[in-house]
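Have a look at the structure below, then the notes.
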Amino acid sequence: MDTQMPPGATIFTDGLLDASVQHGVVRLTLGRLGADNKPVPAGLLVVPLVQLAGLTQGLGRLMQQIEAKIKESAPAPTDTPPDSFTFGGR
């Protein structure tokens with residue numbers, strides 16, 4: 001099984017601009033800040049409605065892991081905080 005993403009699959013987003021559900025499909029318009037500091041569309045994430053709960057639960061677990069890592073690696077007052085870390089042995 002090929003695990004590489006096709007070119008153009010990476011989208012940077014600052015947040016969610018819009019969401020809709022039609023015919024069992026959730027469409028999430030992702031946004032980013034434009035040059036004038038106003039939100040502009042960055043891409044469209046399309047998820048089957050039956051998969052949305054699993055996706056959001058996965059994101060929730062990721063957030064919990066991030067919060068735990070931040071607490072675990074809390075710097076001493078003179079240290080600089082870590083700017084990156086990994087999960088799953090990577």
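Test of understanding: among GLY15, GLY34, GLY8, which residue is farther than 17 Å from LEU55 by Cα and at pLDDT 90 or above?
Only one candidate qualifies: GLY34.
So ILE70 ticks every box in (1) under 13 Å from the mean Cα position of the chain (by Cα); (2) free of Cβ contacts under 8 Å to residues at least 24 places away in the same chain but one. Which box is left unticked?
(1) is the only condition that ILE70 fails.
Determine whether PRO82 is surrounded by 10 or more Cβ atoms within 10 Å (Cβ to Cβ), in a loop (DSSP other than H, G, I, E, B) and at pLDDT below 90. Lay out the reasoning, then the answer.
Details: surrounded by 10 or more Cβ atoms within 10 Å (Cβ to Cβ): yes; in a loop (DSSP other than H, G, I, E, B): yes; at pLDDT below 90: yes.
Criteria met by PRO82.
Looking at region 40-76 only, could you name the residues that are more than 24 Å from HIS23 (Cβ to Cβ), out of contact with any Gly (no Cβ under 7 Å at 6 or more places or on another chain) and hydrophobic (A, V, I, L, M, F, W, C)?
Residues satisfying the conditions are LEU62, MET63, ILE66, ALA68, ILE70, ALA74, ALA76.
Could you list, in sequence order, all residues of region 20-49 that are exposed (fewer than 10 other Cβ atoms within 10 Å of the Cβ), out of contact with any strand residue (DSSP E or B) (no Cβ under 6 Å at 6 or more places or on another chain) and in contact (Cβ under 8 Å) with a residue 12 or more places away in the chain? Outline the logic, then answer.
Narrowing region 20-49 to residues exposed (fewer than 10 other Cβ atoms within 10 Å of the Cβ): 20, 22-24, 35-38, 46.
Restricting the remaining residues to those that are out of contact with any strand residue (DSSP E or B) (no Cβ under 6 Å at 6 or more places or on another chain) gives 22-24, 35-38.
Residue satisfying the conditions is GLY24 alone.
Can you name every residue in region 25-70 that is part of a helix (DSSP H, G or I) and among the hydroxyl-bearing types (Ser, Thr, Tyr)? Give the steps one after another, and end with the answer.
Of the residues in region 25-70, the ones part of a helix (DSSP H, G or I) are 49-70.
Across region 25-70, the qualifying residue is only THR56.
The values are calculated or read from the model by the stated rules, or taken from the named source; none is laboratory data. Since this is a predicted model, take the numbers as computed values, not measurements. Note: ideal-geometry Cβ built from the backbone for every residue, glycine included; neighbour counts use all protein chains shown.
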